[in-house]
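Novice: Have a look at the structure that comes next, please.
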Amino acid sequence: MTSCPSEMVLPLPAGEAGFSLIEALVALLVLGIGAAGLVRAAEAHVDSIRSLERRAAAQFVAQNRLAELSLPGASVGVPVTVEMLGERWNVAVNESATDDPDLVKVAVMVSDGPDKSPLVTLDGFRDKGTTTVGGIGR
């Protein structure tokens with residue numbers, strides 16, 4: 001008598017025929033908790049990237065405003081609203097005196113709302129123009 005290995009079936013002891021319903025539910029619960037943690041981590045990462053993008057755009061706005069202030073005849077004036085990259089930015093400028101009477105310290109603050117704290121503050125200096133006429137020293 002020849003027997004083929006596929007015909008051989010080993011009997012399993014009672015109660016060990018596979019996973020029970022409770023074991024399967026516990027495994028699904030563990031996977032669900034792990035998946036929820038991954039979703040939260042992904043959301044936090046997206047929020048972080050979005051915040052970095054906004055701050056980088058605000059930095060560009062501040063650099064542009066500081067460059068505008070270095071032009072002859074530019075005035076600080078009142079806070080302005082600038083549109084850049086599809087967003088509206090509020091730009092406020094504060095001037096303060098320095099030890100050099102010909103230089104003024106300029107602080108450019110950019111926020112994404114009129115009453116919100118600044119996302120970026122950029123400091124720079126500008127010539128008062130008291131010793132030069134038309135950009136040529138006298």
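Novice: What residues qualify as long-range amide H neighbours of L119, i.e. H under 5 Å apart, gap of 5 or more or another chain, H built at 1.01 Å from N?
Specialist: Correct list: V110, S111, D112.
Novice: Of the options P118, V93, L69, report the single residue whose Cα projects farthest towards the positive end of the charge dipole of the range 19-132 (beta-carbon charges: Lys, Arg +1; Asp, Glu -1).
Specialist: Farthest towards the positive end: P118.
Novice: Given charges of +1 on the Cβ of Lys and Arg and -1 on the Cβ of Asp and Glu, with all other atoms neutral, how large is the dipole of the range 19-122 about its Cα centre, in debye to the nearest 20?
Specialist: 260
Novice: Around K128, which amide H atoms from residues at least 5 apart in sequence, or from another chain, sit under 5 Å from its own amide H, with H modelled in the peptide plane?
Specialist: Counting only residues 5 or more places away or on other chains, the set is L103, V104.
Novice: Quick one: 3J(HN,Hα) in Hz for the range 47-57, Karplus 6.51/-1.76/1.60 with θ = phi - 60°, rounded, Gly and Pro as x.
Specialist: 4, 5, 5, 4, 5, 5, 4, 5, 5, 5, 5
Novice: Using 0.36 nm per residue of separation minus the Cα-Cα distance, give me the extension gain between E87 and A67 in nm, one decimal.
Specialist: Working it through step by step, the gained length comes to 5.2 nm.
Taken together, the values in this text are just the output of simple stated rules run on the coordinates, not laboratory data. Keep in mind the model is a prediction, meaning the values are calculated, not measured. Here the Cβ is made from the backbone with ideal geometry for all residues, glycine too, and neighbour counts use every protein chain on show.
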